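The values are calculated or read from the model by the stated rules, or taken from the named source; none is laboratory data. These numbers were taken from a predicted model, which means no experiment stands behind them. Positions of Cβ are backbone-derived with ideal geometry, glycine not excepted, and every protein chain shown enters the neighbour counts. Remember, those area values only see protein heavy atoms, side chains included, never the ligands or the DNA or RNA. Shrake-Rupley method; radii C 1.70, N 1.55, O 1.52, S 1.80 Å.
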Amino acid sequence: MQKPTLEALTAKGKPSGTTPLANLELLRKFLGTLPFEYIITSGYRTPGHNSSIGGSSTSQHMTGLAVDLVPHRMTNRELATWLWIHKRRYPELDQVIWYQNKGHVHIGICPKRASGCMTNAPRAQFLVSTGSSYPSWQPSEAEIQSVARRFPQGKPLPWGWILGTG
């Protein structure tokens, strides 16, 4: 998977200053390590744009350290489960929020050398949006096994192989 372009990460506003640009490069590097296909629906947001869409006043989108994406050929929950399984590979994960009522997964990071993290270290939070709240979440053992089998390296296996027919 290639790293996304800066244009894809800044579609919701052009960053000013060196900090968001440096953070966006860290975010691009992180996204380039994900071994599956996705579409970015939101990356960097100006404070004005973030406010106009009802974003959190502490959103990591405004620092260039968060992205909303839609996974290809997997559900939001499966992507969150895959990240849960591989969280040791991604120590910079700050927040993973999978939405039940929206078509994306929010991924926030707090890598070394980043500026503007909510805390001094990644929080490693896995949350689910119920529409009105964001409770902590972790996948069940059955979900972990299913996702590990279907997406061993992030890429879906051919259906014939999954069904044992090919």
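Are any residues in segment 77-103 within 10 Å of the chain's Cα centre (by Cα) and open to solvent by 10 Å² or more (accessible area, probe 1.4 Å), and if so, which ones?
Q95, I97, W98
Quick one: count up the residues across segment 22-46 that are assigned to a loop (DSSP other than H, G, I, E, B) and either over 20 Å from S59 (Cβ atoms) or acidic (D, E) (or both). Before you say what the answer is, go through the steps one by one.
Within segment 22-46, the subset assigned to a loop (DSSP other than H, G, I, E, B) is 32-37, 43-44, 46.
Still in the list and also either over 20 Å from S59 (Cβ atoms) or acidic (D, E) (or both): 32-37.
Matching residues across segment 22-46 total 6.
Within segment 68-87, track down each residue that is basic (K, R) and either in contact (Cβ under 8 Å) with a residue 60 or more places away in the chain or outside any helix (DSSP H, G or I) (or both).
Scanning segment 68-87 gives R73, R77.
Identify all residues within segment 89-113 that are polar (S, T, N, Q), under 17 Å from S42 (Cα atoms) and not in a strand (DSSP E or B); write none if there are none.
Scanning segment 89-113 gives a single hit, N101.
Conditions tested, residue by residue: (1) modelled with pLDDT of 90 or more; (2) open to solvent by 50 Å² or more (accessible area, probe 1.4 Å); (3) of a type in the set (D, E, K, R).
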site: I107; (1), (2), (3): yes, no, no
site: A114; (1), (2), (3): yes, no, no
site: M118; (1), (2), (3): no, yes, no
site: Q125; (1), (2), (3): yes, yes, no
site: G131; (1), (2), (3): no, yes, no
site: P135; (1), (2), (3): yes, yes, no
site: E143; (1), (2), (3): yes, no, yes
